[in-house]
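The values are calculated or read from the model by the stated rules, or taken from the named source; none is laboratory data. Worth saying up front: this structure is predicted, and the values here are computed from it rather than measured. Cβ coordinates were reconstructed from backbone atoms using ideal geometry, including for glycine residues, and neighbour counts include every protein chain displayed. Heavy atoms of the whole protein, side chains included, go into the accessibility calculation; ligands, DNA and RNA do not. Shrake-Rupley method; radii C 1.70, N 1.55, O 1.52, S 1.80 Å.
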Amino acid sequence: QVQLVESGGGLVQPEGSLRLSCAASGSIFTISAMRWYRQAPGNQRELVARISSGGSTNYADFVKGRFTISRDNANNTVYLQMNSLKSEDTAVYYCNADIRIEAYKPLLGYWGQGTQVTVSS
């Protein structure tokens, strides 16, 4: 059984900052790519940022220069540092990871339960 647990969401004023964390636990052999997605009410879930096992990163255009994704491989944790937050960043943020639970088993995608981020004055 694998679990992804997010934390760090909350209410923040425009131009403020938040740091999200997502810790993977359980039967884990290796973790490949890790990602952050978000979903605002009435919208589809969208990719925010991705980080490979080696640390290469990709960002959606709407967060470039403001958000930073990082990971701690020793603790199976991915982070999202969010700066200069805007009202349009308000959404539920989900982490996603490609995890192999045993050697020679395929990589499977796992999701966290989501954490609410609200940007409002």
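Taking a probe of 1.4 angstrom, what is the accessible area of residue 61 in Å², to the nearest 10?
Near enough 120 Å² of accessible area.
So how do 22-28, 99-105, 78-84 stack up, highest first, on mean other-Cβ count within 10 Å?
So the peptides 22-28, 99-105, 78-84, ranked by packing, come out 78-84, 22-28, 99-105.
Within the range 66-121, what whole-number % of the accessible surface is contributed by carbon and sulfur, with the 1.4 Å probe and all protein chains included in the calculation?
Carbon and sulfur atoms account for 47 percent of the accessible area of the range 66-121.
So, for the chain, what is the accessible surface per residue at a probe of 1.4 Å, expressed in square angstrom?
53 Å²
Based on the Cβ-Cβ distance from residue 68 to residue 23, what FRET efficiency comes out when R0 is 22 Å, to the nearest 0.05?
Efficiency, from the Cβ-Cβ distance: 0.75.
Report D for the chain in µm² per second (integer): Stokes-Einstein, Kirkwood Rh on Cα pairs, 25 °C, 0.890 mPa s.
Calculated translational D: 169 µm²/s.
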